[in-house]
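The values are calculated or read from the model by the stated rules, or taken from the named source; none is laboratory data. The structure presented is a predicted model; accordingly, all values stated were derived computationally and were not measured. Please note: Cβ atoms are built from the backbone with ideal geometry, for glycine as well, and neighbour counts cover all protein chains shown.
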Amino acid sequence: MIAKIVPKAILVFALLFATGGCTVNPVTGKSQLDLMGEAQELELGKSLYPRYTQSSLGTVQEPRLQGYVDRVGLRLAAVSHRPNLPWEYNAVNDPAVNAYALPGGKISITRGLLARMDSEDELAGVLGHETGHVTARHAAVAYTRSLLTQLALVGGMAYMEVNDTKNRNLYAFGGMLGAQLMLAHYSRAQESQADELGYQYMVRAGYNPEGMAGLMEVLQSEQKREPNFVERMFASHPMTTDRLAMARQEIAAAPAEVRNRPFRTRAFLEQTHHVRESRPAYDRLAEARRLLGKDEASKALPLLRQSVGEWPDDGLLRAFLAGAESGVRDRAHALRDAARAARDARGIWVVQSLAARLFLDASKYREALSYVEAADRILPDVADVELMRGRALEGLGRSEEAARSYKKVQRMAPDSEAATEASKRLRRLGINP
Ligand SMILES: [Zn+2]
(Lines give C-alpha, C1' and ligand atoms only; values in the text may rest on other atoms or scores of the structure.)
Protein backbone atom coordinates (compact mmCIF):
# COMPACT_ATOMS: atom_id res chain seq x y z
CA MET A 1 0.00 0.00 0.00
CA ILE A 2 2.90 2.30 0.57
CA ALA A 3 3.74 1.96 -3.05
CA LYS A 4 0.21 2.99 -3.84
CA ILE A 5 0.50 6.12 -1.77
CA VAL A 6 3.85 7.26 -3.06
CA PRO A 7 2.84 7.78 -6.71
CA LYS A 8 -0.19 9.67 -5.44
CA ALA A 9 2.10 11.81 -3.30
CA ILE A 10 4.18 12.61 -6.34
CA LEU A 11 1.06 13.52 -8.24
CA VAL A 12 -0.16 15.79 -5.49
CA PHE A 13 3.30 17.24 -5.23
CA ALA A 14 3.35 18.08 -8.93
CA LEU A 15 -0.01 19.73 -8.47
CA LEU A 16 1.32 21.74 -5.57
CA PHE A 17 4.16 23.13 -7.57
CA ALA A 18 1.77 24.08 -10.32
CA THR A 19 -0.65 25.95 -8.06
CA GLY A 20 0.67 26.27 -4.50
CA GLY A 21 3.08 28.73 -2.98
CA CYS A 22 2.22 31.49 -0.60
CA THR A 23 -1.19 31.46 1.04
CA VAL A 24 -2.76 33.70 3.64
CA ASN A 25 -3.25 31.93 6.95
CA PRO A 26 -6.95 32.23 7.90
CA VAL A 27 -6.14 32.51 11.61
CA THR A 28 -3.22 34.94 11.65
CA GLY A 29 -4.05 36.80 8.42
CA LYS A 30 -0.35 36.56 7.57
CA SER A 31 1.14 35.09 4.45
CA GLN A 32 2.76 31.74 4.94
CA LEU A 33 4.79 29.55 2.67
CA ASP A 34 3.10 26.28 2.12
CA LEU A 35 2.84 24.22 -0.98
CA MET A 36 -0.81 23.38 -0.68
CA GLY A 37 -3.51 25.75 -1.90
CA GLU A 38 -7.02 25.51 -0.46
CA ALA A 39 -8.38 23.55 -3.43
CA GLN A 40 -5.69 20.90 -2.94
CA GLU A 41 -6.30 20.89 0.79
CA LEU A 42 -9.99 20.14 0.26
CA GLU A 43 -9.27 17.51 -2.37
CA LEU A 44 -6.72 15.71 -0.22
CA GLY A 45 -9.01 15.67 2.82
CA LYS A 46 -11.93 14.41 0.80
CA SER A 47 -9.98 11.59 -0.82
CA LEU A 48 -8.18 10.46 2.37
CA TYR A 49 -11.14 10.62 4.76
CA PRO A 50 -12.76 7.26 3.81
CA ARG A 51 -9.38 5.55 3.88
CA TYR A 52 -8.48 6.92 7.31
CA THR A 53 -11.93 6.15 8.66
CA GLN A 54 -11.70 2.54 7.50
CA SER A 55 -8.16 2.09 8.72
CA SER A 56 -9.51 3.21 12.12
CA LEU A 57 -11.89 0.20 11.87
CA GLY A 58 -14.79 2.12 10.30
CA THR A 59 -17.41 4.33 11.87
CA VAL A 60 -19.18 3.32 15.07
CA GLN A 61 -22.38 1.75 13.72
CA GLU A 62 -24.73 4.09 15.59
CA PRO A 63 -26.31 6.78 13.41
CA ARG A 64 -27.50 8.76 16.45
CA LEU A 65 -24.02 8.94 17.94
CA GLN A 66 -22.55 9.95 14.57
CA GLY A 67 -25.14 12.71 14.23
CA TYR A 68 -24.38 13.92 17.73
CA VAL A 69 -20.58 14.07 17.25
CA ASP A 70 -21.07 15.85 13.94
CA ARG A 71 -23.45 18.40 15.48
CA VAL A 72 -21.06 19.24 18.31
CA GLY A 73 -18.23 19.61 15.77
CA LEU A 74 -20.26 21.78 13.41
CA ARG A 75 -21.24 24.08 16.26
CA LEU A 76 -17.51 24.75 16.80
CA ALA A 77 -16.76 25.00 13.08
CA ALA A 78 -19.51 27.60 12.64
CA VAL A 79 -17.74 30.00 15.05
CA SER A 80 -14.25 29.16 13.77
CA HIS A 81 -12.01 31.10 11.38
CA ARG A 82 -13.09 28.97 8.44
CA PRO A 83 -16.83 28.38 8.83
CA ASN A 84 -17.35 27.58 5.15
CA LEU A 85 -15.18 24.49 4.82
CA PRO A 86 -17.03 21.20 4.17
CA TRP A 87 -16.60 20.16 7.83
CA GLU A 88 -17.34 16.58 8.81
CA TYR A 89 -16.89 14.88 12.18
CA ASN A 90 -17.21 11.16 12.87
CA ALA A 91 -16.64 8.56 15.57
CA VAL A 92 -14.47 5.60 14.56
CA ASN A 93 -14.14 2.13 16.11
CA ASP A 94 -10.46 2.25 17.02
CA PRO A 95 -10.27 1.27 20.73
CA ALA A 96 -7.12 3.42 21.20
CA VAL A 97 -7.43 6.90 22.71
CA ASN A 98 -7.10 9.24 19.74
CA ALA A 99 -8.51 12.02 17.60
CA TYR A 100 -7.17 13.43 14.35
CA ALA A 101 -7.87 15.99 11.66
CA LEU A 102 -7.31 15.77 7.93
CA PRO A 103 -6.77 18.85 5.78
CA GLY A 104 -9.95 20.56 4.65
CA GLY A 105 -11.96 19.89 7.83
CA LYS A 106 -12.44 16.11 8.15
CA ILE A 107 -12.13 15.09 11.79
CA SER A 108 -12.38 11.76 13.61
CA ILE A 109 -12.53 10.79 17.27
CA THR A 110 -12.07 7.19 18.44
CA ARG A 111 -14.52 5.27 20.58
CA GLY A 112 -11.61 4.68 22.97
CA LEU A 113 -11.46 8.40 23.71
CA LEU A 114 -15.25 8.91 23.70
CA ALA A 115 -15.64 6.16 26.30
CA ARG A 116 -13.22 7.91 28.66
CA MET A 117 -14.84 11.36 28.70
CA ASP A 118 -17.68 12.63 30.88
CA SER A 119 -19.26 15.62 29.19
CA GLU A 120 -20.02 17.33 25.91
CA ASP A 121 -17.72 20.13 27.06
CA GLU A 122 -14.79 17.70 27.04
CA LEU A 123 -15.86 16.42 23.63
CA ALA A 124 -15.97 20.04 22.45
CA GLY A 125 -12.45 20.41 23.85
CA VAL A 126 -11.11 17.60 21.64
CA LEU A 127 -13.06 18.59 18.56
CA GLY A 128 -12.21 22.26 19.09
CA HIS A 129 -8.51 21.42 19.29
CA GLU A 130 -8.67 19.40 16.06
CA THR A 131 -10.73 22.13 14.41
CA GLY A 132 -7.96 24.56 15.38
CA HIS A 133 -5.36 22.42 13.59
CA VAL A 134 -7.46 22.72 10.44
CA THR A 135 -8.29 26.43 10.63
CA ALA A 136 -4.62 27.28 11.21
CA ARG A 137 -3.74 25.00 8.28
CA HIS A 138 -1.29 22.95 10.36
CA ALA A 139 -2.17 19.83 8.44
CA ALA A 140 -1.56 21.54 5.12
CA VAL A 141 1.86 22.66 6.29
CA ALA A 142 2.62 19.26 7.81
CA TYR A 143 1.51 17.50 4.64
CA THR A 144 3.74 19.73 2.58
CA ARG A 145 6.58 18.70 4.85
CA SER A 146 5.62 15.02 4.84
CA LEU A 147 5.27 14.93 1.07
CA LEU A 148 8.75 16.39 0.75
CA THR A 149 10.01 13.76 3.19
CA GLN A 150 8.22 11.00 1.35
CA LEU A 151 9.78 12.01 -1.91
CA ALA A 152 13.19 11.91 -0.29
CA LEU A 153 12.41 8.46 1.10
CA VAL A 154 10.97 6.73 -1.92
CA GLY A 155 13.85 4.25 -1.91
CA GLY A 156 13.43 3.60 1.80
CA MET A 157 9.68 3.21 1.41
CA ALA A 158 10.05 0.56 -1.25
CA TYR A 159 12.24 -1.35 1.17
CA MET A 160 9.66 -0.99 3.94
CA GLU A 161 6.95 -2.26 1.66
CA VAL A 162 8.81 -5.49 1.01
CA ASN A 163 9.82 -5.85 4.61
CA ASP A 164 6.32 -5.15 5.87
CA THR A 165 4.52 -7.53 3.63
CA LYS A 166 6.79 -10.39 4.67
CA ASN A 167 5.04 -10.29 8.03
CA ARG A 168 1.72 -9.46 6.56
CA ASN A 169 -1.07 -11.49 8.06
CA LEU A 170 -4.80 -11.28 8.40
CA TYR A 171 -4.58 -8.82 11.20
CA ALA A 172 -2.40 -6.05 9.84
CA PHE A 173 -5.38 -4.13 8.58
CA GLY A 174 -3.89 -0.74 9.28
CA GLY A 175 -0.83 -1.79 7.34
CA MET A 176 -2.99 -2.96 4.47
CA LEU A 177 -4.30 0.55 4.07
CA GLY A 178 -1.04 2.31 4.82
CA ALA A 179 -2.94 5.24 6.24
CA GLN A 180 -1.13 5.71 9.56
CA LEU A 181 1.94 6.75 7.68
CA MET A 182 0.54 10.06 6.65
CA LEU A 183 -0.88 11.27 9.95
CA ALA A 184 0.52 14.69 10.60
CA HIS A 185 2.92 15.23 13.45
CA TYR A 186 2.61 18.69 14.88
CA SER A 187 5.16 20.89 16.55
CA ARG A 188 4.77 22.13 20.13
CA ALA A 189 3.96 25.60 18.85
CA GLN A 190 1.22 24.18 16.65
CA GLU A 191 -0.18 22.18 19.57
CA SER A 192 -0.38 25.30 21.73
CA GLN A 193 -2.03 27.23 18.94
CA ALA A 194 -4.60 24.44 18.43
CA ASP A 195 -5.33 24.49 22.19
CA GLU A 196 -5.74 28.24 22.08
CA LEU A 197 -8.06 28.12 19.06
CA GLY A 198 -10.00 25.19 20.48
CA TYR A 199 -10.50 27.18 23.65
CA GLN A 200 -11.80 30.21 21.70
CA TYR A 201 -14.21 28.13 19.65
CA MET A 202 -15.55 26.34 22.75
CA VAL A 203 -16.24 29.61 24.53
CA ARG A 204 -17.88 31.17 21.45
CA ALA A 205 -20.04 28.06 20.99
CA GLY A 206 -21.30 28.30 24.58
CA TYR A 207 -19.33 25.53 26.24
CA ASN A 208 -17.59 25.59 29.60
CA PRO A 209 -13.86 25.83 28.77
CA GLU A 210 -13.14 23.73 31.86
CA GLY A 211 -13.92 20.87 29.46
CA MET A 212 -10.57 21.46 27.75
CA ALA A 213 -8.66 21.12 31.03
CA GLY A 214 -10.82 18.16 32.02
CA LEU A 215 -9.96 16.43 28.77
CA MET A 216 -6.25 17.01 29.26
CA GLU A 217 -6.49 15.54 32.75
CA VAL A 218 -8.30 12.47 31.42
CA LEU A 219 -5.51 11.98 28.90
CA GLN A 220 -2.74 12.48 31.43
CA SER A 221 -4.14 10.05 33.98
CA GLU A 222 -4.92 7.56 31.24
CA GLN A 223 -1.37 7.77 30.00
CA LYS A 224 -0.06 6.94 33.45
CA ARG A 225 -2.46 4.05 33.88
CA GLU A 226 -2.51 2.51 30.42
CA PRO A 227 0.31 3.95 28.32
CA ASN A 228 -0.53 1.78 25.29
CA PHE A 229 -3.98 3.22 24.83
CA VAL A 230 -2.85 6.82 24.77
CA GLU A 231 0.36 6.36 22.87
CA ARG A 232 -0.95 7.30 19.47
CA MET A 233 -2.79 10.38 20.62
CA PHE A 234 0.41 11.49 22.31
CA ALA A 235 2.44 10.75 19.23
CA SER A 236 0.48 13.29 17.21
CA HIS A 237 -0.51 15.57 20.12
CA PRO A 238 2.18 15.55 22.79
CA MET A 239 0.42 16.37 26.06
CA THR A 240 2.69 18.41 28.23
CA THR A 241 2.13 19.81 31.68
CA ASP A 242 2.59 23.34 30.33
CA ARG A 243 -0.36 22.82 28.00
CA LEU A 244 -2.56 21.96 30.95
CA ALA A 245 -1.15 24.90 32.94
CA MET A 246 -1.86 27.26 30.02
CA ALA A 247 -5.44 26.05 29.78
CA ARG A 248 -5.88 26.50 33.54
CA GLN A 249 -4.52 30.04 33.32
CA GLU A 250 -6.85 30.94 30.53
CA ILE A 251 -9.87 29.53 32.34
CA ALA A 252 -8.97 31.46 35.49
CA ALA A 253 -8.91 34.68 33.46
CA ALA A 254 -12.31 34.02 31.84
CA PRO A 255 -15.39 35.98 32.97
CA ALA A 256 -17.42 34.31 35.71
CA GLU A 257 -20.36 33.92 33.32
CA VAL A 258 -18.18 31.65 31.14
CA ARG A 259 -16.52 29.77 34.00
CA ASN A 260 -19.87 29.03 35.63
CA ARG A 261 -21.58 27.64 32.58
CA PRO A 262 -23.20 24.29 33.41
CA PHE A 263 -21.49 21.20 31.98
CA ARG A 264 -23.49 19.38 29.35
CA THR A 265 -23.35 15.87 30.68
CA ARG A 266 -26.80 14.40 30.15
CA ALA A 267 -26.95 14.30 26.35
CA PHE A 268 -23.33 13.19 26.26
CA LEU A 269 -23.85 10.27 28.64
CA GLU A 270 -26.99 9.23 26.79
CA GLN A 271 -25.35 9.31 23.36
CA THR A 272 -22.19 7.54 24.46
CA HIS A 273 -23.97 4.98 26.63
CA HIS A 274 -23.26 2.02 24.39
CA VAL A 275 -19.69 3.08 23.67
CA ARG A 276 -18.88 3.23 27.36
CA GLU A 277 -20.78 -0.01 28.14
CA SER A 278 -18.78 -1.86 25.51
CA ARG A 279 -15.47 -0.32 26.49
CA PRO A 280 -14.13 -3.44 28.28
CA ALA A 281 -14.92 -5.54 25.20
CA TYR A 282 -13.09 -3.04 22.99
CA ASP A 283 -10.15 -2.76 25.38
CA ARG A 284 -9.83 -6.54 25.00
CA LEU A 285 -10.00 -6.09 21.22
CA ALA A 286 -7.03 -3.72 21.41
CA GLU A 287 -5.04 -6.32 23.34
CA ALA A 288 -6.17 -9.12 21.01
CA ARG A 289 -5.07 -7.18 17.93
CA ARG A 290 -1.66 -6.71 19.48
CA LEU A 291 -1.42 -10.46 20.11
CA LEU A 292 -2.66 -11.33 16.63
CA GLY A 293 -0.03 -9.02 15.18
CA LYS A 294 2.57 -11.17 16.97
CA ASP A 295 0.98 -14.38 15.66
CA GLU A 296 -0.28 -15.31 19.11
CA ALA A 297 -3.79 -16.22 18.04
CA SER A 298 -4.26 -18.77 20.83
CA LYS A 299 -3.79 -16.01 23.42
CA ALA A 300 -6.08 -13.61 21.56
CA LEU A 301 -8.85 -16.19 21.23
CA PRO A 302 -10.21 -16.22 24.82
CA LEU A 303 -10.22 -12.40 24.93
CA LEU A 304 -12.24 -12.18 21.72
CA ARG A 305 -14.58 -15.00 22.79
CA GLN A 306 -15.38 -13.07 25.94
CA SER A 307 -16.03 -9.85 23.99
CA VAL A 308 -18.26 -11.55 21.43
CA GLY A 309 -20.07 -13.34 24.28
CA GLU A 310 -20.93 -9.92 25.71
CA TRP A 311 -21.82 -8.30 22.35
CA PRO A 312 -22.92 -11.08 20.01
CA ASP A 313 -24.30 -8.67 17.39
CA ASP A 314 -21.09 -6.65 17.07
CA GLY A 315 -19.71 -7.67 13.67
CA LEU A 316 -16.36 -6.01 14.19
CA LEU A 317 -15.55 -7.95 17.37
CA ARG A 318 -16.77 -11.15 15.72
CA ALA A 319 -14.62 -10.57 12.62
CA PHE A 320 -11.50 -10.49 14.79
CA LEU A 321 -12.72 -13.62 16.56
CA ALA A 322 -12.94 -15.26 13.13
CA GLY A 323 -9.39 -14.12 12.44
CA ALA A 324 -8.16 -15.67 15.70
CA GLU A 325 -10.05 -18.90 14.98
CA SER A 326 -8.41 -19.08 11.61
CA GLY A 327 -5.08 -18.47 13.34
CA VAL A 328 -5.56 -21.62 15.44
CA ARG A 329 -6.77 -23.54 12.35
CA ASP A 330 -10.38 -23.79 13.47
CA ARG A 331 -11.64 -23.21 9.95
CA ALA A 332 -15.27 -24.21 10.51
CA HIS A 333 -15.79 -21.61 13.24
CA ALA A 334 -13.71 -19.02 11.40
CA LEU A 335 -15.93 -19.21 8.32
CA ARG A 336 -19.15 -19.26 10.29
CA ASP A 337 -18.14 -16.24 12.35
CA ALA A 338 -16.73 -14.34 9.37
CA ALA A 339 -20.00 -14.78 7.48
CA ARG A 340 -22.08 -13.59 10.40
CA ALA A 341 -19.72 -10.68 11.07
CA ALA A 342 -20.01 -9.59 7.43
CA ARG A 343 -23.80 -9.55 7.74
CA ASP A 344 -23.70 -7.60 11.01
CA ALA A 345 -21.15 -4.99 9.93
CA ARG A 346 -21.89 -4.21 6.30
CA GLY A 347 -20.25 -0.80 6.34
CA ILE A 348 -16.91 -1.86 7.80
CA TRP A 349 -14.15 -2.56 5.31
CA VAL A 350 -11.92 -4.75 7.51
CA VAL A 351 -14.84 -7.07 8.23
CA GLN A 352 -15.67 -7.55 4.55
CA SER A 353 -12.07 -7.93 3.42
CA LEU A 354 -11.31 -10.39 6.22
CA ALA A 355 -14.34 -12.50 5.23
CA ALA A 356 -13.14 -12.40 1.61
CA ARG A 357 -9.71 -13.63 2.63
CA LEU A 358 -10.95 -16.45 4.86
CA PHE A 359 -13.40 -17.74 2.26
CA LEU A 360 -10.77 -17.47 -0.45
CA ASP A 361 -8.32 -19.50 1.61
CA ALA A 362 -11.05 -22.13 2.01
CA SER A 363 -11.52 -22.18 -1.79
CA LYS A 364 -15.09 -20.92 -1.41
CA TYR A 365 -14.85 -18.55 -4.36
CA ARG A 366 -18.44 -17.48 -4.82
CA GLU A 367 -18.73 -16.22 -1.25
CA ALA A 368 -15.24 -14.71 -1.41
CA LEU A 369 -16.22 -12.72 -4.49
CA SER A 370 -19.29 -11.29 -2.83
CA TYR A 371 -17.20 -10.10 0.14
CA VAL A 372 -14.63 -8.63 -2.22
CA GLU A 373 -17.41 -6.66 -3.88
CA ALA A 374 -18.71 -5.47 -0.51
CA ALA A 375 -15.21 -4.32 0.53
CA ASP A 376 -14.74 -2.59 -2.81
CA ARG A 377 -18.00 -0.68 -2.43
CA ILE A 378 -16.86 0.66 0.95
CA LEU A 379 -13.35 1.57 -0.19
CA PRO A 380 -12.58 1.21 -3.88
CA ASP A 381 -9.18 0.61 -5.41
CA VAL A 382 -7.28 -1.25 -2.70
CA ALA A 383 -4.71 -3.43 -4.46
CA ASP A 384 -4.91 -6.34 -1.99
CA VAL A 385 -8.69 -6.52 -2.48
CA GLU A 386 -8.34 -6.39 -6.26
CA LEU A 387 -5.87 -9.27 -6.03
CA MET A 388 -8.43 -11.26 -4.04
CA ARG A 389 -11.03 -10.50 -6.71
CA GLY A 390 -8.68 -11.96 -9.33
CA ARG A 391 -8.08 -15.07 -7.23
CA ALA A 392 -11.82 -15.61 -6.68
CA LEU A 393 -12.59 -15.15 -10.38
CA GLU A 394 -9.79 -17.53 -11.28
CA GLY A 395 -11.18 -20.08 -8.83
CA LEU A 396 -14.57 -19.75 -10.51
CA GLY A 397 -12.96 -20.45 -13.89
CA ARG A 398 -13.44 -16.88 -15.13
CA SER A 399 -9.85 -16.49 -16.31
CA GLU A 400 -10.26 -13.49 -18.59
CA GLU A 401 -11.88 -11.41 -15.86
CA ALA A 402 -9.25 -12.64 -13.42
CA ALA A 403 -6.51 -11.45 -15.78
CA ARG A 404 -8.13 -8.02 -15.94
CA SER A 405 -8.03 -7.82 -12.13
CA TYR A 406 -4.37 -8.87 -11.99
CA LYS A 407 -3.48 -6.22 -14.56
CA LYS A 408 -5.35 -3.66 -12.54
CA VAL A 409 -3.34 -4.62 -9.45
CA GLN A 410 -0.14 -4.04 -11.43
CA ARG A 411 -1.31 -0.57 -12.45
CA MET A 412 -2.60 0.33 -8.97
CA ALA A 413 0.45 -0.68 -6.97
CA PRO A 414 3.45 -1.47 -9.21
CA ASP A 415 6.39 -2.67 -7.01
CA SER A 416 4.07 -4.07 -4.33
CA GLU A 417 3.92 -7.68 -3.23
CA ALA A 418 0.37 -7.76 -4.57
CA ALA A 419 1.71 -6.81 -8.02
CA THR A 420 4.39 -9.52 -7.87
CA GLU A 421 1.73 -12.07 -7.00
CA ALA A 422 -0.48 -10.74 -9.82
CA SER A 423 2.38 -11.14 -12.34
CA LYS A 424 2.99 -14.70 -11.19
CA ARG A 425 -0.67 -15.53 -11.62
CA LEU A 426 -0.84 -13.88 -15.04
CA ARG A 427 2.10 -16.00 -16.20
CA ARG A 428 0.37 -19.11 -14.89
CA LEU A 429 -2.71 -18.19 -16.89
CA GLY A 430 -0.42 -18.05 -19.94
CA ILE A 431 -0.63 -14.27 -20.20
CA ASN A 432 2.53 -12.24 -20.55
CA PRO A 433 2.53 -9.75 -17.70
ZN1 LIG B 1 -3.06 18.42 18.34
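Some notes on this structure:
- Residues that are farther than 17 Å from Val350 by Cβ and assigned to a helix (DSSP H, G or I), drawn from region 288-314: Ser298, Lys299, Leu301, Pro302, Leu303, Arg305, Gln306, Gly309, Glu310
- Of everything in region 318-356 that is outside any helix (DSSP H, G or I) and under 24 Å from the mean Cα position of the chain (by Cα), the residue that is surrounded by the most Cβ atoms within 10 Å (Cβ to Cβ) is Ile348.
- Some residue of region 247-254 being in a loop (DSSP other than H, G, I, E, B) and loosely packed, with under 14 Cβ neighbours inside 10 Å: no
- Condition check for Val60: surrounded by 17 or more Cβ atoms within 10 Å (Cβ to Cβ), modelled with pLDDT of 95 or more and either of a type in the set (Val, Ile, Thr) or more than 19 Å from Gln190 (Cβ to Cβ) (or both): yes
- Qualifying residue in region 402-409 (condition: of a type in the set (A, V, I, L, M) and within 26 Å of Gly309 (Cα to Cα)): no
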